[in-house]
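Read the structure below first, then the notes.
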Amino acid sequence: MGGDWKRWWLDAYLGMTGKRISTPADALYVGLGTHYISSGNLGSLKEALLATPLYISHILLQLIMMAEWAKEALTGLGKGAPFLLSLTKEHFSRVASAHANSDSTLSSLSGVMKTEYRIALRSSLRNDFAEGVYAVLVDKDQKPKRNPPSLEDVNPREVGALFEPLAPQTKELKV
């Protein structure tokens, strides 16, 4: 379960912040690689390794990368719409829980796609995205007026309602 939890956490982080694994530091941090150094720094790396025991260098490098990554994650989360952050977290939690239950709708790709279709339809009726764009492109203050304004103000029932089957007059996704 440890590996699955780490994968869930990574997926949730990427989904909620909109970040990508696009740098060597990101790839190392999430376990897609074990070492990286640019070719221009090979000489100085060799000198440092000869002067310092390897395990100390490795620990220091890992700590620096974790601190930078955590700072970026908090910044990204702080920019997100509270309702959409709650929705993304709930969706990833439900999918992770469904992994152990093969009877769940979310245990199959088609079930996940149908659920995401419902979420997309209902989310498009909210003003979260439009408000964020407006704050960046029109107001240019980078301060969208979020509704609800904080994570504590998000109503879990409103989030849960986005997962429910669509009304009979609205067609479900056919996969």
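Here 120, 98, 135 are screened, and the one residue that is without any contact (Cβ under 8 Å) to a residue 24 or more places away in the chain, under 18 Å from the mean Cα position of the chain (by Cα) and not assigned by TED's automatic domain parsing to the domain that holds residue 19 is 120.
Residue under question is residue 94, and the condition is that it be in a helix (DSSP H, G or I), modelled with pLDDT of 90 or more and either of a type outside the set (S, T, N, Q) or in contact with a strand residue (DSSP E or B) (Cβ under 7 Å, 6 or more places away or on another chain) (or both); does it hold? I'd like the intermediate steps shown before the answer.
Working: in a helix (DSSP H, G or I): yes; modelled with pLDDT of 90 or more: no; either of a type outside the set (S, T, N, Q) or in contact with a strand residue (DSSP E or B) (Cβ under 7 Å, 6 or more places away or on another chain) (or both): yes.
When the stated conditions are applied, residue 94 does not pass them.
From the list 145, 140, which residue is free of Cβ contacts under 8 Å to residues at least 12 places away in the same chain and not in a helix (DSSP H, G or I)? It would help to see each step written out before you state the result.
Values: 145 fails: free of Cβ contacts under 8 Å to residues at least 12 places away in the same chain.
Answer to the selection: 140.
Would it be correct to say that residue 166 is surrounded by 13 or more Cβ atoms within 10 Å (Cβ to Cβ), touching a helix residue (DSSP H, G or I) at 6+ places or on another chain (Cβ under 9 Å), touching a residue at least 40 places away in the same chain (Cβ under 8 Å) and closer than 16 Å to residue 88 by Cβ? For residue 166, the condition - surrounded by 13 or more Cβ atoms within 10 Å (Cβ to Cβ), touching a helix residue (DSSP H, G or I) at 6+ places or on another chain (Cβ under 9 Å), touching a residue at least 40 places away in the same chain (Cβ under 8 Å) and closer than 16 Å to residue 88 by Cβ - is not met.
For the condition assigned to a helix (DSSP H, G or I), surrounded by 12 or more Cβ atoms within 10 Å (Cβ to Cβ) and modelled with pLDDT of 75 or more, what is the one hit in 9, 69? Explain how you work it out, then say what you get.
Details: 9 fails: modelled with pLDDT of 75 or more.
Testing whether each residue is assigned to a helix (DSSP H, G or I), surrounded by 12 or more Cβ atoms within 10 Å (Cβ to Cβ) and modelled with pLDDT of 75 or more leaves just 69.
The values are calculated or read from the model by the stated rules, or taken from the named source; none is laboratory data. Just so we're clear, the structure is a prediction, and the values are computed from it rather than from any experiment. So basically every Cβ, Gly included, is an ideal-geometry build from the backbone, and we count neighbours across all protein chains shown.
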